[in-house]
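One structure is given below, encoded as structure tokens.
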Amino acid sequence: RAKDKQRLGAIRLILAAIKQREVDERIELSDVQTLAVLEKMIKQRRESLVQYQNAGREDLAAQESFEIEMIQAYLPAPLSEADLDVAISQAIAATGAQSVRDMGKVMALIKEQAQGRADMTVVSARVKARFGG
């Protein structure tokens, strides 16, 4: 019963975050934009989780971990390392990117495919490494 309340609370948080963005921007979010909201929520909770663990607040850390799990359940399956490498190679080829200066074009293309399926910070580092950066 307590777990059900916790799940319901997490679902309400997700819906509220999506609705808030729609109201703030006066739009109906696309799937990609909704995934971005969920990713942002996970990132915020991961940051809080580290702070709570460092402060010895295991009760709050456990709540953050639970919310991360709940939010992740609404994201598509993550890309494998191999799939991510293929996506990066294809994006570089499709954009004709030659150097780190072209990273924006490459990242924009990858983001369309990988949103909600890969940590874009990691993707960015991998793209930069491909250019020797």
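The values are calculated or read from the model by the stated rules, or taken from the named source; none is laboratory data. Bear in mind that the values here come from a model prediction, so they are computed numbers and not experimental data. All accessible areas refer to the heavy atoms of the entire protein, side chains included, with ligands and DNA or RNA removed. Shrake-Rupley method; radii C 1.70, N 1.55, O 1.52, S 1.80 Å.
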Using the structure shown, select from 19/43; 40/105; 3/111; 3/43 the pairs with a Cα to Cα distance greater than 25 angstrom. 3/111
For the chain: accessible area per residue (Å², 1.4 Å): 64 Å²
Output the DSSP H helices from the chain with an along-axis C-alpha extent of no less than 18 Å and a mean Kyte-Doolittle hydropathy no less than -0.5. 2-25, 58-72, 81-95
Can you give me the C-alpha center-to-center distance between the stretch 17-58 and the stretch 108-122, rounded to a whole angstrom? 16 Å
Suppose the chain between residue 129 and residue 50 were pulled fully straight at 0.36 nm per residue; how much longer would it get relative to their current alpha carbon spacing? 25.7 nm
Within the accessible area of the chain (1.4 Å probe), percent carbon and sulfur: 52 percent
